[in-house]
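Heads up, the thing below is written out as structure tokens.
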Amino acid sequence: MQISRTERGQAAVEYAITIVLVSMVVIAIMLFAGFGISRIYGLVAGALGAHYDTHGKHTIEITSAECISSTRVNQTGLWVIGNTDEAIADLTGSTELGLSPVSADAGGFLYHPMIDADHADASKCPVSVVIQGKDGAIAVAPCLGARPPLRIIKTRLLAFMLSLLQSVWGTLNIQLGSSAVQ
């Protein structure tokens, strides 16, 4: 059986279309996962003691990040204050314990997640905090306060990375499944 020139040309076009489609999917995945990957690198850098603020098109600057464990009220919480020129609604705060929204403060932002509403336990304090804008601007800081043991830090970071990967994978399955139906 011989392949004619038109069939060979058709095969080359099919390969080209396949390569273009695969590259578009890879670009979409990288754009979608890019913010999550930046957040993970930020959390790891903060856990190692790094402090980074974004100054450029937008400014996000963490001026104070402290975990407070109060025996008087029997609570543990994170207190992060900073400056920004980004819309507060576009900011998300995260630690290795999870994500939550950021609120406005006089001339800047406040990120104040409750770690434990029933116990004053400094070992539950996160080791780093990331404030991230929708445009990719990011600020990273280590959390001041009592540090949990290294094994707890490693476990929290690993659990956070796994949950992020599971959510990215779940979203990709939903997107790929919905395009297969069409």
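Read-outs throughout are calculated quantities, based only on the coordinates presented, and are distinct from any laboratory measurement. Quick caveat: nothing in here was measured; it's all calculated off a predicted structure. Cβ placement follows ideal geometry from the backbone for every residue including glycine, while neighbour counts extend to all protein chains displayed.
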What list of ³J(HN,Hα) values in whole Hz, one per residue of segment 88-93 in order, does the Karplus curve 6.51 cos²θ - 1.76 cosθ + 1.60 (θ = phi - 60°) give from phi, with Gly and Pro shown as x?
4, 5, 8, 9, 10, x
Residues meeting the amide H criterion for Gly145 (H placed from the backbone, H to H distance under 5 Å, 5 or more places apart or on another chain) are Cys67
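How much of the DSSP beta bridge set in segment 40-170 is antiparallel, as a percent to the nearest 5? Mind dumping the intermediate values first?
Numbers: 34 of 35 bridges.
Roughly 95 percent of the DSSP beta bridges within segment 40-170 come out antiparallel.
For Ile62, Ile88, what ranking results if the residue with the fewest other Cβ atoms within 10 Å of its Cβ goes first?
The fewest-first ordering by Cβ neighbours comes to Ile88, Ile62.
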For segment 40-170, just say rounded, prolate or oblate: build the C-alpha gyration tensor, square-root its eigenvalues into a ≥ b ≥ c, call rounded for a/c under 1.5, and beyond that prolate if a/b exceeds b/c, oblate if not.
oblate
Amide H of Phe109 versus every other amide H placed in the peptide plane: which residues, excluding those fewer than 5 positions away on the same chain, fall under 5 Å?
Gly82, Asn83, Thr84
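Counting alpha carbon pairs within less than 8 Å and at least 6 residues apart, what relative contact order, in whole percent, applies to segment 40-170?
Working: 300 pairs, mean separation 39.7, N = 131.
So the answer I get is 30 percent.
Suppose the chain between Ala11 and Tyr52 were pulled fully straight at 0.36 nm per residue; how much longer would it get relative to their current alpha carbon spacing? Could you put the intermediate results ahead of the total?
Details: separation 41, 0.36 × 41 = 14.76 nm, distance 5.06 nm.
Result: 9.7 nm gained on full extension.
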Quick one: dipole size for segment 40-170, taken about the Cα centre, charges +1 on Lys/Arg Cβ and -1 on Asp/Glu Cβ, in debye to the nearest 20.
500
